[in-house]
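All remarks here apply to the structure that follows.
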Amino acid sequence: MKRQFNIILALALIITSCVKEDYFGLSPYGNIKSFLVSNQAGNSTINNDSMTVVVEIPGGIDLSGITIQTIEVSSFASADKAVGDQLDLNDPATIVVTAEDGSAHVWTVKSFVASANPQLDNWQLDEWYQTASDYYEPGNSAESTIWGTGNPGTQILNKLATTPFDLGNSNKAAKMETLYNGLIPASLGMPISAGSLFTGFFNPDNLDPTDPQAAIEFGTPFTGRPDKIRFQYQYQAGEENKDREGNALNYSDMADIYAFLEIRFNGAVKRLATAWLRSSDGVGDMTSIEIPFTYGELDDTFPDYMKPEDNVYVSADSAAFALPTHITFVASSSFDGANFAGAVGSVLIVDDIEMVYEE
């Protein structure tokens, strides 16, 4: 029965999470849907109407040899550039996308110099867009957002564990709540859905209903060296903290909020810096807190959960000066929600996720 339930979940998620480009006959669509180049400092801005892609590159980078790392085009379309090809972005470059019906769509790729002290796109969490399934996700649109939630995996159970929260005066935040999934999922070891917010995106091709993080590709391009991360938050742990089998745990549920600065190159990921808050303390009102980034390897004074699973860090010399290529930010209403452990009713609200730089 478990295998049958997993298959049903997988099929439902794949169907509901697809971006639709409806057509009859040969497809006329020639869009660029995702785009990433070497040394990129933030998410690409893709405009289908003007057929432009704008990328942010740190100052001092040679723009004549920028390498394409990711390019995704419309279904059944092809492009005259591929991963590994180089672009000269000293001037606008062009990419021709040919749709299934043979029509050519000429895209323009432009670059601009990144800020030395960048912030995350939509760091104030005021922008939320409505999905095709009629729930809301953080960002301006699915194509441009750097933010993801676990909602694509839980909405098929009619559960939305992460929602926009109105703080008044057009100020929105992200509300994450740990929800009970129901009797059938609980009997299969999936009793709860923990609310989550992260930089990255949900990839249905990697769906595994027994592993909530399998479909999440964490991280977004980022090239700053912040001293601290500052955010507003509010938290209340649920009354009964339980494991995935429904057994009571002898400790309280905890909120998890953390950020990693990483250097990603040729498929390898090395940790550059770490900032982490894990706490069961109740915070009744929205409260500002600053967590310092620790650059380099974490010593034995830090708990093991803060350390990379593969224990791979940048070298000590690089930690003193290197710029990251990516940042991974994660917040969750239940710290062990990925293992379906947590307290139903735990609520975490997060807002204004800001990087703090030394003056």
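Only one of Trp147, Trp107 is of a type in the set (Phe, Trp, Tyr) and within 16 Å of the chain's Cα centre (by Cα). Can you tell me which?
Criteria check complete, one pass: Trp147.
Can you name every residue in segment 42-100 that is among the hydrophobic types (A, V, I, L, M, F, W, C) and not in a strand (DSSP E or B)?
Met51, Ile61, Leu63, Phe76, Ala77, Ala82, Val83, Leu89, Ala99
Name the one entry in Val73, Val96 that is farther than 13 Å from Val37 by Cα and surrounded by 19 or more Cβ atoms within 10 Å (Cβ to Cβ).
It is Val73.
Checking the condition modelled with pLDDT of 95 or more and either touching a Gly at 6+ places or on another chain (Cβ under 8 Å) or assigned by TED's automatic domain parsing to the domain that holds Ala343 (or both), which residue from Pro164, Pro204, Pro152 passes?
Among Pro164, Pro204, Pro152, only Pro164 is modelled with pLDDT of 95 or more and either touching a Gly at 6+ places or on another chain (Cβ under 8 Å) or assigned by TED's automatic domain parsing to the domain that holds Ala343 (or both).
Which one of Glu56, Glu137 is within 27 Å of the chain's Cα centre (by Cα), closer than 30 Å to Gly182 by Cβ and among the charged types (D, E, K, R)?
Exactly one residue qualifies, and that residue is Glu137.
Where in segment 252-359 are there strands (runs of 3 or more DSSP E), lying fully within it, with 3 or more residues that are in contact with a strand residue (DSSP E or B) (Cβ under 8 Å, 6 or more places away or on another chain) and crowded, with 20+ Cβ neighbours inside 10 Å?
Qualifying strands (runs of 3 or more DSSP E): 255-265, 268-279, 326-332, 347-356.
Considering (1) surrounded by fewer than 19 Cβ atoms within 10 Å (Cβ to Cβ); (2) touching a residue at least 12 places away in the same chain (Cβ under 8 Å); (3) within 23 Å of Asp256 (Cα to Cα), say which one Thr145 fails and leave the rest.
The one condition Thr145 does not meet is (1).
Anything in segment 104-115 that is outside any strand (DSSP E or B) and in contact with a Pro (Cβ under 8 Å, 6 or more places away or on another chain)? List them, or say none.
Result: Ala114, single match.
Out of (1) over 22 Å from the mean Cα position of the chain (by Cα); (2) over 30 Å from Thr178 (Cβ atoms); (3) without any contact (Cβ under 8 Å) to a residue 24 or more places away in the chain, the odd one out for Ser318 is which?
Single failed check for Ser318: (3).
Does Gly60 satisfy the condition of being under 19 Å from Gly224 (Cβ atoms) and either in contact (Cβ under 8 Å) with a residue 40 or more places away in the chain or not β-branched (Val, Ile, Thr) (or both)?
Judged against the criteria, Gly60 is a match.
Mind checking whether some residue in segment 125-141 is of a type in the set (S, T, N, Q) and in a strand (DSSP E or B)?
Yes, segment 125-141 contains a residue that is of a type in the set (S, T, N, Q) and in a strand (DSSP E or B).
Is segment 162-176 home to any residue that is part of a loop (DSSP other than H, G, I, E, B), farther than 25 Å from Phe35 by Cβ and touching a Leu at 6+ places or on another chain (Cβ under 9 Å)?
no
The values are calculated or read from the model by the stated rules, or taken from the named source; none is laboratory data. Everything quoted here is computed from the prediction, not taken from an experiment. Don't worry about glycine lacking a Cβ; one is built from the backbone with ideal geometry, like all the others, and counts go over all protein chains shown.
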